[in-house]
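The values are calculated or read from the model by the stated rules, or taken from the named source; none is laboratory data. From a predicted model like this one, the values you see are computed outputs, not experimental measurements. With ideal geometry, Cβ positions are generated from the backbone for all residues, glycine too; neighbour counts draw on all protein chains shown.
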Amino acid sequence: MSLLTTPSQTVGPYLRIGFLPLLIDAIAPAGVPGERIIIRGRMSDGDGKPVNDGVLEIWQADAQGKYAHPEDGQKTIAANPFRGFGRVLTDGGGAFRFTTIKPGPVAGPDGKQQAPHLVVTVFMRGMLRHLITRMYFPGEALNETDPVLQRVPVDRRATLVATAGSEKSIVEWNVVSQGPAETVFFDF
């Protein structure tokens, strides 16, 4: 008997099935108050190759630091029609892009202010579980005291802080799944 060698894969490459009707790349539609921004980047694997079938889910607060969720706990109401949630796919080159507003500082469970950030869930082939990370904004004074960011070793924080793009409204941030430049991922 002769057996053919088959490629090893744990998950996929059919990650996109079921996601297409749920794509939301405009987290803050027109009419939501706040500084409008475009976040773009690239998702790559440990070898630096683009992940062309990845999915990023984004959760964020509005410009006042309010989440569009009934259990947010703040007395204010999120700006209408602010979604606070988005889902984008990577393209053939691993690139992703979404539009939103810059979130405001958010009060943490202990009442300490957290720096403006996005919570990002990452799905990609080869992973049996999703990964959770954060994206912080460059030049934010609160980055220096953010309770989550301060738990990350200084030499690894740059993987969580975006860089300013070529225009004021553009922020760039990359997701690297493993290796020396791996994005910091959190266990919750």
| Search result, residues across region 125-136 that are assigned to a strand (DSSP E or B) and of a type outside the set (Phe, Trp, Tyr) | LEU131, ILE132, THR133, ARG134, MET135
| query | For region 137-162, which residues satisfy the criterion of being surrounded by 13 or more Cβ atoms within 10 Å (Cβ to Cβ) and either charged (D, E, K, R) or part of a strand (DSSP E or B) (or both)? | reply | GLU140, ASP146, ARG157, VAL161
| said: I'd like the full set of residues that are part of a loop (DSSP other than H, G, I, E, B) and farther than 15 Å from THR121 by Cα, limited to region 163-181. | reply: GLY165, SER166, GLU167, LYS168, SER169, GLN178, GLY179, PRO180, ALA181
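Do you know which residues across region 130-162 are in contact with a Pro (Cβ under 7 Å, 6 or more places away or on another chain) and closer than 22 Å to GLU57 by Cβ? So that I can check it myself, show each step before the final result.
Residues of region 130-162 in contact with a Pro (Cβ under 7 Å, 6 or more places away or on another chain): 137, 140, 142, 161-162.
Within region 130-162, PHE137, VAL161, ALA162 meet the criteria.
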| task | Looking only at region 88-98, decide whether some residue is out of contact with any Cys (no Cβ under 6 Å at 6 or more places or on another chain), under 23 Å from ARG36 (Cβ atoms) and without any contact (Cβ under 8 Å) to a residue 40 or more places away in the chain. | result | yes
| request: Report, by residue number, each residue of region 79-124 that is assigned to a loop (DSSP other than H, G, I, E, B), of a type in the set (Lys, Arg) and crowded, with 17+ Cβ neighbours inside 10 Å. | output: ARG83, LYS102
| Hey, any hits in region 109-127 for a residue that's at pLDDT 95 or above, more than 11 Å from the chain's Cα centre (by Cα), under 25 Å from GLN64 (Cα atoms) and charged (D, E, K, R)? | no
| said: Please count how many residues of region 25-50 are in a strand (DSSP E or B) and either of a type outside the set (A, V, I, L, M) or surrounded by fewer than 17 Cβ atoms within 10 Å (Cβ to Cβ) (or both). | reply: 8
| Filtered residues of region 56-84 (kept if modelled with pLDDT of 90 or more and not polar (S, T, N, Q)) | LEU56, GLU57, ILE58, TRP59, ALA61, ASP62, ALA63, GLY65
| said: Any residue in region 117-137 that is polar (S, T, N, Q) sitting within a Cβ distance under 7 Å of a residue that is buried (at least 20 other Cβ atoms within 10 Å of the Cβ) and not in a strand (DSSP E or B)? List the pairs, counting only those 6 or more apart or interchain. | reply: THR133/LEU160; THR133/THR183
| query | What is the one condition in (1) at pLDDT below 95; (2) closer than 17 Å to LEU56 by Cβ that GLU167 does not satisfy? | reply | (2)
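Could you please let me know if ASP53 is assigned to a loop (DSSP other than H, G, I, E, B), touching a Gly at 6+ places or on another chain (Cβ under 7 Å) and modelled with pLDDT under 95?
Working: assigned to a loop (DSSP other than H, G, I, E, B): yes; touching a Gly at 6+ places or on another chain (Cβ under 7 Å): yes; modelled with pLDDT under 95: yes.
For ASP53, the condition - assigned to a loop (DSSP other than H, G, I, E, B), touching a Gly at 6+ places or on another chain (Cβ under 7 Å) and modelled with pLDDT under 95 - is met.
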